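Remarks on the structure that follows.
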């Protein structure tokens with residue numbers, strides 16, 4: 001689940017398993033969402049779970 005920091009819209013999205021998604025356009029407010037400083041992607045900043053590459057690195 002990804003929550004827009006601008007309008008609060010929540011979207012169920014499929015995360016890429018082999019890459020980080022840096023930008024996402026909210027379908028509700030049409031703002032471009034970018035990760036917070038220090039995060040690799042929008043899922044790590046605004047998602048209910050970090051992206052798969054980060055999940056894998058946390059397990060090691």
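The values are calculated or read from the model by the stated rules, or taken from the named source; none is laboratory data. Values in this document were obtained by computation on a predicted structure and should not be read as measured data. We place every Cβ from the backbone using ideal geometry, glycine too, and count neighbours over all the protein chains shown.
What the table below lists for this structure:
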quantity	calculated
Among residues of segment 27-53, those that are over 14 Å from residue 2 (Cα atoms), buried (at least 16 other Cβ atoms within 10 Å of the Cβ) and free of Cβ contacts under 8 Å to residues at least 24 places away in the same chain, counted	2
Pick from segment 12-26, criterion touching a strand residue (DSSP E or B) at 6+ places or on another chain (Cβ under 7 Å) and exposed (fewer than 14 other Cβ atoms within 10 Å of the Cβ), ranking: nearest to residue 48 (Cα to Cα)	13
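Residues are listed down the side, and each one gets a yes or a no for (1) modelled with pLDDT under 95; (2) in contact with a helix residue (DSSP H, G or I) (Cβ under 6 Å, 6 or more places away or on another chain):
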| site | (1), (2) |
| --- | --- |
| 45 | no, no |
| 50 | yes, yes |
| 53 | yes, no |
| 56 | yes, no |
